[in-house]
């Protein structure tokens, strides 16, 4: 995929942006040992700016990476009405990576099971995840790469705090519940605005996301707006929150499963004796 015609100023900006994205992805991969020698990485491509950017950066990094690994692009066609089925095959066929279009009518299942007006994201996510996890095993993929970025991770932190009463987000690397798949998020250190700008420069054929407009989606929009307002008023706050996710002190929180509060004991040297202070009148 070629970059659209750019002015000299835009070329400089694009080069800086591309280097920053590659540096951030490379650092995330190194920090969490996301990709190892011989890995077959299944890159999940939805047709949005983030997954396009992730695939593009990984293709470039593979050329200079210190380890040898394979990339396989996979799109899950959920048979959503109006989904442009021809866009992704046309784009992926121009790249130097094998690709699969996995067809699973999860859309009809969700519509049949979930009552009208109720949240569909939970079931839809589980069905999508199950389909991708199973297919990864079928093709022998050792890692599954998802396109969640830094802002997604911070938004998820607040969604869980506000609506689920839990302090959790999206980890950069995850072992699936059945311990059959390792999920990685190479964009964990990347800002959404950088990916949006990069997508414009690269002219990716974006497929609009209009799946459901469910309650969880609305909640995420509200959290996103809150963070954007914070960022305008206090630049750097989102990055500071993200750093806090990566630097946790269990003893300063309240989860009894993470820290043994029950057995806290003072540690004093019984042999150490400090004499009492005596007042002396001069």
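Check 220, 197 and return the single one that is under 19 Å from residue 150 (Cβ atoms), at pLDDT below 95, buried (at least 16 other Cβ atoms within 10 Å of the Cβ) and touching a helix residue (DSSP H, G or I) at 6+ places or on another chain (Cβ under 7 Å). Outline the logic, then answer.
On the way: 197 fails: at pLDDT below 95.
Matching residue, one of 220, 197: 220.
For segment 1-114, which strands (runs of 3 or more DSSP E) that fit wholly inside it have 1 or more residues that are under 18 Å from residue 184 (Cβ atoms) and in contact with a helix residue (DSSP H, G or I) (Cβ under 7 Å, 6 or more places away or on another chain)? Give the derivation first.
Details: elements: 40-44, 70-77, 99-103.
Passing ranges, in order: 40-44, 70-77.
Only one of 8, 22, 62 is without any contact (Cβ under 8 Å) to a residue 24 or more places away in the chain and surrounded by 14 or more Cβ atoms within 10 Å (Cβ to Cβ); which?
Working: 8 fails: surrounded by 14 or more Cβ atoms within 10 Å (Cβ to Cβ); 22 fails: without any contact (Cβ under 8 Å) to a residue 24 or more places away in the chain.
Among 8, 22, 62, only 62 is without any contact (Cβ under 8 Å) to a residue 24 or more places away in the chain and surrounded by 14 or more Cβ atoms within 10 Å (Cβ to Cβ).
Here is a check on your reading of the model: is residue 215 modelled with pLDDT of 95 or more, over 29 Å from residue 24 (Cα atoms) and out of contact with any strand residue (DSSP E or B) (no Cβ under 8 Å at 6 or more places or on another chain)? Break it down stepwise before answering.
Numbers: modelled with pLDDT of 95 or more: no; over 29 Å from residue 24 (Cα atoms): yes; out of contact with any strand residue (DSSP E or B) (no Cβ under 8 Å at 6 or more places or on another chain): yes.
Taking the combined requirement at face value, the residue does not satisfy it.
Condition check ((1) loosely packed, with under 10 Cβ neighbours inside 10 Å; (2) in a loop (DSSP other than H, G, I, E, B); (3) in contact with a helix residue (DSSP H, G or I) (Cβ under 8 Å, 6 or more places away or on another chain)) across all residues:
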| residue | (1), (2), (3) |
| --- | --- |
| 235 | yes, yes, no |
| 238 | no, no, yes |
| 241 | no, no, yes |
| 248 | no, yes, no |
| 257 | yes, yes, no |
| 263 | yes, yes, no |
| 266 | yes, yes, no |
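Mind listing whichever residues of segment 95-110 are modelled with pLDDT under 80 and either surrounded by fewer than 16 Cβ atoms within 10 Å (Cβ to Cβ) or under 22 Å from the mean Cα position of the chain (by Cα) (or both)? Full working, then the answer.
Applying the first criterion (modelled with pLDDT under 80) to segment 95-110 yields 105-110.
Listed by number, the residues that qualify are 105, 108, 109.
For segment 122-144, indicate whether the set of residues that are buried (at least 20 other Cβ atoms within 10 Å of the Cβ), in a strand (DSSP E or B) and modelled with pLDDT of 85 or more is non-empty.
There is at least one residue in segment 122-144 that is buried (at least 20 other Cβ atoms within 10 Å of the Cβ), in a strand (DSSP E or B) and modelled with pLDDT of 85 or more.
The values are calculated or read from the model by the stated rules, or taken from the named source; none is laboratory data. Please read these numbers as outputs of a predicted model, since none were measured by experiment. Positions of Cβ are generated from backbone atoms using ideal geometry, with glycine treated the same way; all protein chains shown enter the neighbour counts.
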